[in-house]
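Let me begin by presenting the structure, written as C-alpha cells, before commenting on it.
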Amino acid sequence: MKAGFLALPLIALPFVLNDFWLTQIATRALILGITALSLSFLATYLGVVSFAQITLAGIAGYTIAYFGPNTVGVGIKLPFWVSIPAALLFSVTAGALIGYIARRSRGIYAIMITLAIGVAFFYFTRQNYAVFNGWTGFSGITAPVVAGTSLRDPSTLYFLSLATAAIAVVLVSLFARAPLGLAIQAVRDAPSRVMALGIPVTTPVVAAFAFSGLIAGGGGILNVWYQERISSFSVGLGPIIDVLIIAVIGGLRHPLGAFLGAIVFVLLDTFAVDLIDRDRFNTLIGMVLLIIVMVAPNGLQQLAADAVAKLRAKEHQSGKSARIKTNT
Amino acid sequence: MRLFLIVTLNGLTLAALYFLAASGFSLIFGLMRTVNMAHGALLLLGGYVGYDVVELTGSWMLGIACGGLAAALAGAAVQAGILGWMQGDELRQTLASIAISIVLADLMLWYWGGITYQVSLPDILSGGQKLPLLGVGYANIRLALMAFAVVVGVMLWFLIQRTRFGAVIRAGVDDQDMLRALGFPIGRIFIAVFALGSALAGMAGVIAASALSISPGTDLQFLLSSLVVVIVGGMGSIGGAALGALLVGLAEQYGLAYAPTYGVVFTFGIMVLILAVRPQGLMGRSEQ
Amino acid sequence: MSGASTSVVEMATDSVLDITNLDLHYGSSHVLHQVNLSVSHKPLSILGRNGMGKTSLCQAIMGLHRHSAGNIRFCGREIGAMPPEQRAQAGLAYVPQGRRVFRSLTVDEHLQIVERSGAAWNRERVYDTFPRLAERRRNLGDRLSGGEQQMLAISRALLLNPRLILLDEPTEGLAPTIVDDVVTLITNIVEEGIAVVLVEQNMHAALQAVDEVAIMVGGQVVDVLPSEQLASDSELQNHYLGLDLVNN
Ligand SMILES: Nc1ncnc2c1ncn2[C@@H]1O[C@H](COP(=O)(O)OP(=O)(O)OP(=O)(O)O)[C@@H](O)[C@H]1O
Ligand SMILES: [Mg+2]
C-alpha cells in the first residue's frame with residue numbers, strides 16, 4: 001500500500017516530464033542513488049563508510065565498455081547477455097576482495113583504506129592501456145537494443161533504472177533480514193564481542209562488500225549506458241566524493257536516504273547556476289554537506305522521517321480532540 | 001649507477017616533503033583520533049600565502065613563516081569552530097573535514113585561480129651543488145628541503161619527548177579522560193595541537209611551492225600521500241611518519257624511473273601489503 | 001555565648017562535597033538512583049560489592065560521565081555542569097580504579113606535568129615520601145609494579161594540592177604489606193586536612209583509614225554509619241557486603 005503510493009507517481013513520471021527532466025534529473029538521480037545505496041547499505045548495516053563504491057561501479061562499467069560496442073577499438077565484442085553478468089561478476093568479486101583487504105578495519109581506518117584503494121584504481125586506469133585504454137578511456141558506448149528499442153531511449157532507461165533501484169532496495173531489505181545480514185549487524189554493533197565469541201568476522205564483512213559490489217555494479221552498468229562513455233575521470237576522486245556526499249546528505253542510517261540525497265544533489269548540480277556562479281558549485285555543495293553533518297548528522301531521510309512522525313502525532317492529537325469535542 | 005643515485009636523491013627529496021606534510025596529519029590523529037581530510041587544503045593555503053608573502057617582501061624565510069602561520073590560524077579555527085564540537089564522533093569529523101576541504105579548495109581556486117605558482121628562491125637556494133663523493137649535481141633547494149625535514153623531525157621529536165607540553169600531548173594520547181581529571185583543558189590543547197599540525201602543513205606547502213610548484217590539485221595529492229604515509233608508517237607516530245615517508249617517497253621515484261607505467265600503483269601496492277600483514281602500520285600501536 | 005551560632009556556621013562550611021538526588025545512565029541502563037551523600041573533613045569510605053555503582057559515582061563526581069539528574073556541590077559551589085578539568089582546578093583530585101597511569105610518560109613526567117610551583121606538595125616532597133618512585137623516576141608508567149603505579153597515581157593527585165581526594169579501590173590487587181602502606185598514606189593525607197573519599201571493597205583496609213562509612217547497594221547509598229558501628233556488627237557486614245567481602 002505504502003509502496004504503491006510511491007510507485008504510482010514514479011511510474012507516471014515519463015508521461016509527465018519532458019526529456020530534459022526525465023533524463024537529466026530523474027534517471028540521473030536514480031543511477032547515482034543506486035551507487036550511493038551500495039554505500040549507505042554498508043554504512044547502515046556494517047557501519048563502514050566505503051570510498052571504494054565508485055571503483056566497484058567503475059569495474060562493472062569498464063566491463064560493459066570493453067565487451068560492448070565502442071568507438072575506441074579496444075576490447076572484445078560480446079552479446080549483452082554475456083557482458084552484463086560478467087560485469088556484475090567482476091564488481092561482486094572486486095567487492096569481496098576489497099572486503100577481504102579491509103576486513104579488520106573499522107571506522108576511520110576503513111575510510112582510509114577504501115579511499116586508498118579507490119585512488120589506486122583511478123591511477124591504474126590512467127596507466128593501463130590494454131584493458132582500460134588509459135586516461136581517455138572508452139567512448140561511443142551504445143546500450144543494447146532489445147526488441148527494437150535501445151535501452152538508452154529516455155523512458156526505457158528511466159524504467160530500467162527505476163526497476164533496478166526497486167530491486168536493489170528489495171534485495172537490501174531481504175539481505176538485512178537474512179542470517180548473514182544479521183551477522184553483519186552484529187559485527188557492526190560489537191566487532192570485538194563477535195570476535196571474542198569466536199565467530200569469524202571475515203565472512204560477513206566479505207559478504208557485505210560483495211553484496212555492495214552487486215548493487216554498485218548495477219549502478220555502474222546503467223551509468224555507462226547513460227553517459228555513453230567511461231574513463232579514469234569516472235572513477236576519480238570527484239565521483240568518489242560525489243557519491244559520498246549523496247549518501248551523507250540522504251542519511252547513512254537508512255538505505256533509502258541514498259535516493260533522497262541523489263535527488264537533492266542532482267537538483268543542486270543542475271540549478272546551482274541559477275543560485276550562484278556556476279563555478280562555485282563546490283562551495284555550495286561543500287556548505288550543504290557541512291551543514292548537514294553539523295545539524296542533521298543522520299541526513300535528510302531522518303529529517304523527513306521526524307517531520308512525518310511529528311505530523312502524524314499532531315494529526316493523532318487533533319483527531320483525538322475532535323472526537324472529544326463531538327463527545328461533549 | 002648515476003641514474004640510481006639521482007633517483008635515490010629524488011626519492012629522498014620527495015620523502016622529505018611527504019614527511020613534512022604527513023607529520024602534522026599524524027600528530028593530529030595521534031592525539032585526537034581526528035582524520036583531518038582538510039589537511040591538504042591547509043597545505044595548499046600555506047603554499048599560496050607563502051608565495052604572496054615572498055612576492056611582496058622578497059623574504060623566503062618570512063614566506064615560510066607566514067605560510068605556516070596562515071595554515072595554523074585556519075586549522076585552529078576549523079578545530080575550535082567545527083571539529084571540536086564533534087569530538088569523539090570520528091566519522092562525523094571526517095565527513096565535516098571533507099566538506100571543509102571542498103569549500104576551502106573551491107575558495108582558493110576562486111582567489112588564486114587555476115594557475116601554477118612557484119616561489120622564487122633566494123640566491124643561496126637557487127642553483128645547484130656538485131655533491132662530494134657521489135659526483136652528481138643536485139639543486140640547492142632540494143638539499144635544503146631534506147635538511148629542513150631533518151631539522152623539523154628533530155625539533156618535533158624534542159618537543160614531544162623532551163618538553164612538558166610534549167609530555168601533556170603524550171598523556172592525552174594515552175588517556176584523555178585522566179588528563180582532564182588532572183585539570184588540563186583538553187579543548188584548548190586540541191586547538192593548540194591542531195594549529196601545530198596545520199602549521200607543519202602550511203610550511204610544507206611553501207616548501208612544495210619552492211622545490212616543485214603548487215596548483216589546484218596539490219591539496220589532494222598531498223592529502224593522499226599523507227594518508228598513505230601514515231597508513232604505512234603507523235597512525236599517530238612521528239617516527240612512523242618518517243619511515244612511511246621514506247618508503248613511499250623512494251618507492252614512488254624508483255617506480256617512476258624503473259617501471260614508469262605503474263609507479264603510483266606500486267606505491268599503493270606497498271600499502272595494501274602492509275595493511276594485510278600489519279594493519280596498524282609499521283610503527284603504529286595496535287588499537288587495544 | 002555565641003557557641004551555638006558558630007557551630008551552625010561550622011556545620012555549613014564543614015561540608016566539602018554534597019551530592020543530592022544524583023541519577024546516572026549508561027545509554028538506557030539506569031545505574032545510579034537518587035544518590036545522596038555528604039562528605040565533610042571526616043574521612044569517608046564508600047563500600048559496596050561489585051557493580052554497585054561506586055566507580056560510576058566517582059566518574060559522576062569528576063564529570064567524566066555526566067549525571068542525568070541531581071546536584072553536586074563542592075565547597076559550596078555547584079559543579080555539576082563543569083567539565084572535569086574545571087572540577088580538578090576547583091580542588092577535586094581523582095585516583096581512578098586501575099591506577100590509569102600514562103604508559104608513555106616516565107614517573108618524573110607524570111609529576112612534572114601536574115606540579116605547580118610554590119605548592120605544599122611538589123616533586124621533591126613526593127620523592128621524599130616515596131623513595132621507591134625516586135629510584136624509578138626515569139621508568140615509563142607501564143613498567144612499574146602495581147604498588148608503584150598506585151603510589152604514582154596518588155602522588156599525581158596530591159600534586160594538585162586538592163581539597164578533596166577521591167580514591168577508587170586503591171588497594172585492589174596489592175600485596176597485604178603494600179595495602180598497609182596505602183592505609184598509612186591515607187591516614188597521613190587525612191591528617192594534612194585533605195578531605196578523603198575512599199571507595200573500597202576491602203572493608204578491613206577501609207575501616208582502618210576512615211571514620212565514617214557509606215554503603216552502596218544497587219546504585220543507591222542505603223546507609224551511612226560510623227566505622228566502629230560497622231566494624232563491631234558482623235550481621236550488618238553480612239547484610240550489606242556479603243561474606244565474601246568481609247572475609248578477605
Ligand atoms: N561504560 C559502561 N557502560 C554501560 N554500563 C556500565 C558501564 N560502566 C559500568 N556499567 C554498569 O554500571 C553498573 C555499575 O558499575 P560500576 O563500575 O560503577 O560498579 P562498581 O561498584 O565500581 O564495581 P567494581 O567494584 O567492580 O568496580 C554495573 O552494572 C556495570 O555493569
Ligand atoms: Mg569500580
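Mind telling me which of the residues B:Ala139, B:Ala105 ends up being small (Gly, Ala, Ser), surrounded by 14 or more Cβ atoms within 10 Å (Cβ to Cβ) and in contact with a helix residue (DSSP H, G or I) (Cβ under 6 Å, 6 or more places away or on another chain)?
B:Ala105
Is it true that C:Gln150 is within 14 Å of chain B (Cβ to nearest Cβ) and modelled with pLDDT of 95 or more? I'd like the intermediate steps shown before the answer.
Details: within 14 Å of chain B (Cβ to nearest Cβ): no; modelled with pLDDT of 95 or more: yes.
So C:Gln150 fails the test.
Here are C:Leu22, C:Leu32, C:Leu64: which of them is hydrophobic (A, V, I, L, M, F, W, C), modelled with pLDDT of 95 or more and away from ligand 2 (no atom under 15 Å from the Cβ)?
After ruling out the rest, the residue left standing is C:Leu22.
So that you can scan it fast, the table gives a plain yes or no per residue for (1) within 16 Å of ligand 2 (Cβ to nearest atom); (2) within 24 Å of C:Pro84 (Cβ to Cβ); (3) of a type outside the set (Ser, Thr, Tyr):
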site: C:Glu148; (1), (2), (3): no, no, yes
site: C:Ile154; (1), (2), (3): no, yes, yes
site: C:Leu158; (1), (2), (3): no, yes, yes
site: C:Arg163; (1), (2), (3): no, yes, yes
site: C:Pro170; (1), (2), (3): yes, yes, yes
site: C:Gly173; (1), (2), (3): yes, no, yes
site: C:Val179; (1), (2), (3): no, no, yes
site: C:Val183; (1), (2), (3): no, no, yes
site: C:Asn188; (1), (2), (3): no, no, yes
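Of all residues in segment A:210-267, which are surrounded by fewer than 21 Cβ atoms within 10 Å (Cβ to Cβ) and among the small types (Gly, Ala, Ser)?
Hits for segment A:210-267 are A:Ala210, A:Gly238.
Would a scan of segment B:37-47 turn up a residue that is over 15 Å from the mean Cα position of the chain (by Cα) and closer than 30 Å to A:Ile111 by Cβ?
no
Name the single residue, out of those in segment C:91-105 being more than 16 Å from ligand 2 (Cβ to nearest atom) and in contact (Cβ under 8 Å) with a residue 40 or more places away in the chain, that is surrounded by the most Cβ atoms within 10 Å (Cβ to Cβ).
Per the criteria, the residue is C:Leu92.
Given the condition in a loop (DSSP other than H, G, I, E, B) and surrounded by fewer than 24 Cβ atoms within 10 Å (Cβ to Cβ), answer yes or no: does some residue in segment B:251-271 qualify?
yes
Tell me yes or no: at least one residue of segment A:65-79 is part of a helix (DSSP H, G or I) and more than 14 Å from every other protein chain (Cβ to nearest Cβ).
If we filter segment A:65-79 for residues that are part of a helix (DSSP H, G or I), which is where we start, we get A:65-66.
Next, from what is left, pick out any that are more than 14 Å from every other protein chain (Cβ to nearest Cβ): A:65-66.
Yes; the residues of segment A:65-79 include at least one that is part of a helix (DSSP H, G or I) and more than 14 Å from every other protein chain (Cβ to nearest Cβ).
Mind checking which residues of segment B:131-189 are at positive phi and within 14 Å of another protein chain (Cβ to nearest Cβ)? Spell out how you get there, then give the answer.
Residues of segment B:131-189 that are at positive phi, as a first pass: B:133, B:135, B:183.
Scanning segment B:131-189 gives a single hit, B:Gly183.
Is it the case, given these coordinates, that A:Gly118 is among the small types (Gly, Ala, Ser), in a loop (DSSP other than H, G, I, E, B) and touching a residue at least 40 places away in the same chain (Cβ under 8 Å)?
no
Can we say A:Phe265 is in contact (Cβ under 8 Å) with a residue 40 or more places away in the chain, in a helix (DSSP H, G or I) and among the aromatic types (Phe, Trp, Tyr)?
Values: in contact (Cβ under 8 Å) with a residue 40 or more places away in the chain: yes; in a helix (DSSP H, G or I): yes; among the aromatic types (Phe, Trp, Tyr): yes.
Yes; evaluated as a whole, the condition is true for this residue.
Test B:Ile82 against the stated conditions and say whether it is more than 21 Å from the chain's Cα centre (by Cα) and under 26 Å from A:Gly238 (Cβ atoms).
Here the answer is yes, as B:Ile82 does meet what is asked.
Just to be sure I understand the filter: pairs with C-beta atoms under 7 Å, separated by 6 or more residues or on different chains, first member in segment C:45-58 and within 14 Å of chain B (Cβ to nearest Cβ), second member near ligand 2 (Cβ under 9 Å from one of its atoms). Which pairs pass?
Final answer for the pair search is C:Thr55/C:Gln97; C:Thr55/C:Asp168; C:Cys58/C:Asp168; C:Cys58/C:Val199.
For C:Arg77, indicate whether it is over 16 Å from C:Val197 (Cα atoms), out of contact with any Lys or Arg (no Cβ under 8 Å at 6 or more places or on another chain) and away from ligand 2 (no atom under 13 Å from the Cβ).
Criteria met by C:Arg77.
Which residue out of B:Phe184, B:Phe190, B:Phe222, B:Phe194 is more than 25 Å from A:Leu237 (Cα to Cα), aromatic (Phe, Trp, Tyr) and within 17 Å of the chain's Cα centre (by Cα)?
Within the list B:Phe184, B:Phe190, B:Phe222, B:Phe194, the selection yields B:Phe194.
Give the residue, chosen from C:Val222, C:Val217, C:Val210, that is out of contact with any Cys (no Cβ under 8 Å at 6 or more places or on another chain), away from chain B (no Cβ under 14 Å), away from ligand 1 (no atom under 16 Å from the Cβ) and among the β-branched types (Val, Ile, Thr).
C:Val210
Any idea how many residues of segment A:117-141 are under 22 Å from the mean Cα position of the chain (by Cα) and surrounded by fewer than 16 Cβ atoms within 10 Å (Cβ to Cβ)?
Looking only at that region, the number is 0.
Output the qualifying pairs, or none if there are none: Cβ atoms under 6 angstrom, residues six or more apart or on different chains, first residue in segment B:262-286 and more than 28 Å from A:Ala130 (Cα to Cα), second residue modelled with pLDDT of 80 or more and surrounded by fewer than 18 Cβ atoms within 10 Å (Cβ to Cβ).
Cβ pairs passing all conditions: B:Met283/B:Gly239.
Among the listed residues C:Gly118, C:Gly70, which satisfies the condition of being at positive phi and at pLDDT 95 or above?
Unique residue meeting the criteria: C:Gly70.
Restricting to segment C:92-144, count the residues that are within 16 Å of ligand 1 (Cβ to nearest atom) and at the interface with another protein chain (Cβ under 9 Å from one of its Cβ atoms).
The number of residues fulfilling the criteria is 3.
Taking segment B:72-100 as the search range and keeping residues that are among the small types (Gly, Ala, Ser) and facing chain A (nearest Cβ under 8 Å), which one is farthest from B:Gly217 (Cα to Cα)?
Looking at the filtered set, the residue picked out is B:Ala96.
All but one of (1) buried (at least 19 other Cβ atoms within 10 Å of the Cβ); (2) away from ligand 2 (no atom under 16 Å from the Cβ) hold for C:Lys42, so report the exception by its number.
(1)
For segment B:184-196, does any single residue satisfy the condition of being at pLDDT 95 or above and closer than 18 Å to B:Leu104 by Cα?
Scanning segment B:184-196, I find at least one residue that is at pLDDT 95 or above and closer than 18 Å to B:Leu104 by Cα, so the answer is yes.
Just to be sure before I move on: is A:Ser50 touching a helix residue (DSSP H, G or I) at 6+ places or on another chain (Cβ under 6 Å), buried (at least 20 other Cβ atoms within 10 Å of the Cβ), hydroxyl-bearing (Ser, Thr, Tyr) and away from chain B (no Cβ under 14 Å) in the structure I sent?
no
The values are calculated or read from the model by the stated rules, or taken from the named source; none is laboratory data. All values reported here derive from a predicted model rather than from experimental measurement. A quick note on method: Cβ atoms are made from the backbone with ideal geometry, for glycine too, and the neighbour counts reach across all protein chains shown.
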